[in-house]
1. Of all residues in region 407-437, count the ones that are open to solvent by less than 10 Å² (accessible area, probe 1.4 Å) and aromatic (Phe, Trp, Tyr).
2. All but one of (1) part of a strand (DSSP E or B); (2) closer than 24 Å to Lys109 by Cβ hold for Phe307; state the number of the condition that does not hold.
3. Condition first: of a type in the set (A, V, I, L, M) and within 29 Å of Arg387 (Cβ to Cβ). Now tell me which residues in region 204-244 satisfy that.
4. Would you confirm whether any residue within region 330-351 is of a type in the set (Asp, Glu), in a loop (DSSP other than H, G, I, E, B) and surrounded by fewer than 23 Cβ atoms within 10 Å (Cβ to Cβ)?
5. Among the residues of region 242-259 satisfying the criterion of being outside any helix (DSSP H, G or I) and not polar (S, T, N, Q), which is nearest to Pro299 (Cα to Cα)?
6. Taking region 395-428 as the region of interest, how many residues are farther than 25 Å from Asp358 by Cβ and assigned to a helix (DSSP H, G or I)?
7. So in region 260-292, with the set limited to residues that are polar (S, T, N, Q) and assigned to a strand (DSSP E or B), which one is most open to solvent (accessible area, probe 1.4 Å)?
8. Would you call Gly24 of a type outside the set (Asp, Glu) and modelled with pLDDT under 95?
Amino acid sequence: MVLSAGTLEGRWLRGEDLSGWLAGRAGAGSFRVDRIPFAELDGWSFERDTGNLVHRSGRFFSVEGLRVAVDRGPILQWQQPIIRQPEVGILGILVKEFDGVLHFLMQAKMEPGNPNLVQLSPTVQATRSNYTKVHKGADVKYLDYFIDSRRGRVLADVMQSEHGAWFFRKSNRNMVVEAYGHVPLDEDFCWLTLGQIGELLRRDNVVNMDARTVLACAPTTYRETGALHSDMELLSWFTGERSWRQIHVQRMPLAEVTSWVRGESTIDHVPERYFRVMAVSVQAGNREVASWTQPLFEPTERGVAAFVVRRFEGVPHLLVHARLEGGFLDTVELGPTVQCTPEYYAHLPLEDRPPFLDLVLGAASGQIAYEAVHAEEGGRFYHAESRYLVIEADEAQAPTKPPSGFLWVTPGQLNSLVQHGRYVNVQARSLLACFNTNAIRL
């Protein structure tokens, strides 16, 4: 089955009703998130020997240290806190046809790190610790459809990475499953068409990161008449980037990480840059567990993730970047043209700024094909937002033969690559979801 984003009206909710439904679900719950000192974390503590921040169950995740050395760039080595969560979670969207139109079962889900708390999430968004009920909470709704093959037909199933700058080799299983038979509808869930989701992706902080990555993996057909590079040329280039780039990564005790200082409530970089580790107390009446405490990573500034786009022989092409990140399992993954936090480069010489950053930040309004602010993973990051953009450019701004590490690919080629695990990073997948749902129309 190939998914189509053409239908803007669903059987269950009209487009104009979506905002009201989401607001209603947010208002129906009792949600609260408060900053707390580390001493008030329940079940979490700093290990005596390593200083790592761990949970007493030995599950969920831990905050450890990471030492990274790379072969090129303005900063060749650094140390940092990193989230280590070796278990694989499930991110899954259930789909079903109504009146000849495929609908997606989406959830209004609260995450403690979301700027607006409640966003549209996949049908299932759960770590292994969640769905095996380490927290002794309620069952994860609709989970059976993704672990019992008798309940539905798998349309997509691929292992994908998460943020390589903040997670150490973290992966989730991204799934789309077509349900068999009647599906009971819980009050925090709704059926939406792909076109309706695309309209919501044009708005700030509505569709969460986990939903975006699953939507990127959905099987989609692009009507493209050609590409600047053949599929084999693209794969060969990508394999070459993976083979010759060099990175050395080593886990280390959090207590030994240099340039980071632990206080009563935060672990901060000195000088204050990048992100901090903090702790929160959470109340959420509609979650599997009604209250808990946990650490979160809090960025100090908003990020930017942007594709530069050009047309070759009338076919839109995206400029991808083979990115090296400390937390990736494989050496590089394909990211957007620009993926950074501009303020972090303010202290560096102009020649050390990321390529194409000035093009993206200085784009005229007529060049901006897409712009929205989306939150990153709200279960681990606090108010982590990125400005997602698609910028139209010309030969003078983005040449046909780009700098080393960059290549022009079509949206269809990128969609084919995302069917493979760990080829396309989470920021690029967020933008690809916007293409798959027609939120971005070139």
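1. 1
2. Of the numbered conditions (1) part of a strand (DSSP E or B); (2) closer than 24 Å to Lys109 by Cβ, the odd one out for Phe307 is (2).
3. Scanning region 204-244 gives Val206, Val207, Met209, Ala211, Val214, Leu215, Ala216, Ala218, Ala227, Leu228, Leu234.
4. yes
5. Residue satisfying both the conditions and the ranking: Val257.
6. Total satisfying the criteria: 5.
7. Per the criteria, the residue is Gln283.
8. It is true that Gly24 is of a type outside the set (Asp, Glu) and modelled with pLDDT under 95.
The values are calculated or read from the model by the stated rules, or taken from the named source; none is laboratory data. Here the structure is a predicted model, which means the values were calculated and not measured. FYI the Cβ positions are ideal-geometry reconstructions off the backbone, even for glycines, and counts take in every protein chain you see. Accessible surface is based on the protein model in full, side chains and every heavy atom, while ligands, DNA and RNA are left aside. Shrake-Rupley method; radii C 1.70, N 1.55, O 1.52, S 1.80 Å.
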